[in-house]
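Just below is one structure, and these are the notes that go with it.
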Amino acid sequence: MDFTDSKASSRHLGQGAVFLCAVLWSTSGLFIKLVDMHPVVIAGLRSFIAALFMLGIRFLMPSRRHMPFKLRHLWGGGIAYSATMLTFCVANKLTTSANVILLQYSAPIWAALLGWLLAKEKPRMANWISLMMVIGGLCLFFKDGLSSGSFAGNICALFSGICFGANSVFLRIQKEGDPADAMFLAHILTAAASVPFLFSHPPLFTAANTAPIIFMGIIQLGTASLLFAYGIRRITAVNAMLTAAIEPILNPVWVLLVTGEKPTLTAVFGGAVIIAAVLVSTNINNALLGKNRSDIEVKNEI
């Protein structure tokens, strides 16, 4: 396998990791709704379990040494992801799940802009086209848009999207380090932020509450964090956000399986548009990267 093939394989592995991560993330809306606790308590408990899980994985499977990274990038990624999780949980309790996902998935826009500004990864035309397709697909997918839900919940969801995009950029900047460190820090910060709420809104640890919290901590957040950290080292921030846009498509799938609620034909079409956007962006970018490396090899031979 030559260098070009190796790089392409690495990108595919990264894309696959982010895709699997998005599949796990997509279960959060349903499980948050099922848990009868304050949203900040939910965020803190699941992050506490996720942090313990990641710590155990790090102990059992020590990562190879990476280049050191700047503390401001570590804290930037940790704070951004912590804010993403906290505002996402709060928004899910204040407004409709559709509104939360629609507004949070403005994230690719912020990832594109912040990635250009902070990581010097200028979006290609394929990225901009894909971003427009994602916006159009989301508008179709959630046809009723922001007609319902509280203003405060909608603002929380929008802020969650901004933080989500910023997190992907900070993790991408740390690609020579270990982005999982920032994800771990985010879970510690989220758990710490929830402590006052544990006293003001004591959680009731019934089986119906505890099982979803454990699942979210180990699988939906802990495993997903490791997958995202793996993937973001291999693909750009905007590509990661475009790939993760599969999450809002899968949200209603879990609802369908649990409650029998069926999506409309318009929603199905909107989902198809978003999937097409991810495929367009991925294929064009991989083709361009392959062409650029081929051009470099030809010039070197000359």
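Since every read-out is calculated from the coordinates, none of them should be taken as a lab result. Note that the structure is predicted; figures quoted are calculated from it, not measured. Here the Cβ is made from the backbone with ideal geometry for all residues, glycine too, and neighbour counts use every protein chain on show.
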*Inter-probe distance in nm under a simple model that places probes 7 Å from Cα toward Cβ, at ILE155 and PHE59*: 4.3
*Under 20 Å from the 7 Å Cα→Cβ point of ILE129, by amide nitrogen: which residues of the range 218-256?*
236-246
*Under a point spin-label approximation (7 Å from Cα along Cα-to-Cβ), what is the LEU52-THR210 distance to one decimal in nm?*
1.1
